[in-house]
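Read through the structure below, which is laid out as structure tokens, and then see the notes.
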Amino acid sequence: MGTKYEQIQSKIPKNARPLPQQSNLMNIIITGASKGIGKAIAKAFAQPGNQLLICSRNEKELIETVNELQENHPDTIIKYRATYMGNKTDIIHFADWCLSFGAPDILI
């Protein structure tokens, strides 16, 4: 029967592509990051060694937030994508985009 890990691994299709590996960065996904709690969380995680993958449905506010974060935390890698979390297609595209940077360490 094998270990739990082996059981899980046996269910993954053989042709599944592995997630790209990203050095020692912490991949942190934050939704609703252009204002309120989401923005406060993005500010809290904007530290060297972290890669923020943030989204918000309002692209203008999102870009303003990214500029503010980059100005105050130049050593943090910040990637962004306008996404409406009420739209299933947007969510899938955002998830695929996030996974292109490697497996998430934190999802908010």
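What is the Cα centroid distance between the range 55-69 and the range 79-108, reported in whole angstrom?
15 Å
Assuming a ≥ b ≥ c are the square roots of the Cα gyration tensor eigenvalues, decide whether the range 66-106 counts as rounded (a/c under 1.5), prolate (otherwise, with a/b larger than b/c) or oblate.
Here the range 66-106 falls in the oblate category.
Compute the FRET efficiency between W97 and N58 as 1/(1 + (r/R0)^6), taking r as their Cβ-Cβ distance and R0 = 22 Å, and round to the nearest 0.05.
Efficiency for this residue pair is about 0.80.
Among the aspartates and glutamates, select those whose C-alpha is under 13 Å from the C-alpha of K60, and discard any that sit fewer than 8 residues away in the same chain.
Partners within reach: E68.
Tell me the accessible surface of K79 in square angstrom (1.4 angstrom probe, heavy atoms of protein chains only), to the nearest ten.
My reading of the accessible area for K79 is about 70 Å².
Quick one: which of 56-66, 94-104 comes out on top by average Cβ neighbours within 10 Å, and what's the full order, highest first?
Packing proxy ranking, top to bottom: 56-66, 94-104.
Which shape class, rounded, prolate or oblate, goes with the range 28-95 when its Cα gyration tensor gives a ≥ b ≥ c as root eigenvalues, a/c under 1.5 marks rounded, and past that a/b bigger than b/c marks prolate?
Working: a/c = 2.07, a/b = 1.67, b/c = 1.24.
Prolate, since a/c reaches 1.5 and a/b exceeds b/c.
The values are calculated or read from the model by the stated rules, or taken from the named source; none is laboratory data. Just so we're clear, the structure is a prediction, and the values are computed from it rather than from any experiment. When we count neighbours, we look across all protein chains shown, and the Cβ atoms used for this are built from the backbone with ideal geometry, even at glycine. Accessible surface is based on the protein model in full, side chains and every heavy atom, while ligands, DNA and RNA are left aside. Shrake-Rupley method; radii C 1.70, N 1.55, O 1.52, S 1.80 Å.
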